[in-house]
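Take a look at the structure below.
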Amino acid sequence: MEKKKILFVCLGNICRSPMAETIFEALLKEHNLQEYYEIDSAGLDNYHEGEAADKRMREHAYQHGYHITHKSRHVKTADFDYYDLILGMDDQNIRGLKSRAVSDDRIKKINRMTNYCTQFIEADAVPDPYYGGDAGFQYVIELLQDACKGLLLEVEGERKQASR
């Protein structure tokens with residue numbers, strides 16, 4: 001069976017999307033499911049290309065038991081063909097992704113990260129914590145933990161159904 005390929009996207013790929021990638025990878029490892037998925041993250045803009053995640057996000061991630069190793073990269077045209085699911089963190093990300101997708105088949109792959117929340121069901125976006133304080137980073141991690149758990153439930157349900 002071919003791996004399901006998921007790409008997490010935010011603006012600069014230094015806070016939200018690398019955190020989502022890290023959390024989802026940890027969930028896959030916890031449930032011994034790494035062989036079924038390929039995960040990455042990217043940013044709509046390339047002004048942090050090659051940089052490590054924001055220091056504050058890495059520090060908050062570490063407090064939650066996560067270690068972010070991703071280096072920032074920007075979304076490439078080829079990503080729309082390669083990945084099965086492309087998850088934006090907010091409306092701006094979704095609009096940016098759709099404007100680059102250029103075909104209906106590619107647009108169908110784009111979804112909002114918070115659509116997978118099971119506890120933070122009122123959340124319509126993963127807010128960018130970059131210009132805020134500690135509370136913003138904490139909230140983003142909690143929100144992404146919830147959304148990643150919901151995402152795993154959904155994609156695992158699909159995978160198990162397809163393997164029948």
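Ranked by Cβ crowding within 10 angstrom, fewest neighbours first, how are SER72, SER41, SER99 ordered? Numbers along the way, then the final one.
Details: SER72 22, SER41 26, SER99 10.
Ascending Cβ contact count within 10 Å gives the list SER99, SER72, SER41.
Could you grab the Rg to Rh ratio for the range 1-82? Cα atoms only, Kirkwood for Rh. Provide the component values of the computation, followed by the final result.
Values: Rg = 12.8 Å, Rh = 13.0 Å.
A ratio of 0.98.
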- Point-charge dipole on Cβ atoms (K/R +1, D/E -1) for the chain, about Cα centre, debye to 20: 320 debye
- Item | TYR82-ALA135 FRET efficiency (beta carbon distance; Förster radius 45 Å; 0.05 resolution) | 0.80
- Separation in nanometres of the label points that stand 7 Å from Cα toward Cβ, at SER99 and ASP45: 1.2 nm
- Task: Please give, to one decimal in nm, the separation of the simple spin-label points placed at HIS74 and ALA52, each 7 Å out from Cα toward the Cβ.
- Result: 2.4 nm
- Specify which residue in the list GLN63, TYR36, CYS148 is farthest towards the positive end of the charge dipole of the range 4-162, using unit charges on the beta carbon of Lys, Arg (+1) and Asp, Glu (-1), about the Cα centre. TYR36
- Task: Find out how many positive minus negative residues lie around LYS5, taking Lys and Arg as positive, Asp and Glu as negative, among other residues whose Cβ is under 9 Å from that of LYS5.
- Result: -2
- Within the set of other residues whose C-beta is less than 11 Å from the C-beta of GLN34, count the net charge using Lys and Arg as +1 and Asp and Glu as -1. -2
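Would you mind checking the pairs LYS29/LYS98; LYS3/LYS109; LYS71/LYS108; LYS3/LYS108; LYS3/LYS149; LYS5/LYS98 and listing those with alpha carbons more than 20 angstrom apart? Walk me through the intermediate numbers first.
Numbers: LYS29/LYS98 31 Å; LYS3/LYS109 15 Å; LYS71/LYS108 27 Å; LYS3/LYS108 18 Å; LYS3/LYS149 18 Å; LYS5/LYS98 18 Å.
Violating the 20 Å Cα-Cα cut-off are LYS29/LYS98; LYS71/LYS108.
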- Using DSSP, restrict attention to beta bridges with both residues in the range 4-162 and report what percent are antiparallel, rounded to the nearest 5. 5 percent
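Among the helices of the chain (complete DSSP H runs), which have Cα atoms covering no less than 27 Å along the helix axis and a Kyte-Doolittle mean of at least -0.5? Write out the running numbers ahead of the final one.
Details: long enough: 134-162 (42 Å, -0.13).
Helices meeting the criterion: 134-162.
Since every read-out is calculated from the coordinates, none of them should be taken as a lab result. Because the structure is a prediction, the values reported are computed rather than measured. Neighbour counts are summed over all protein chains in view; Cβ atoms, including those assigned to glycine, are modelled from backbone coordinates with ideal geometry.
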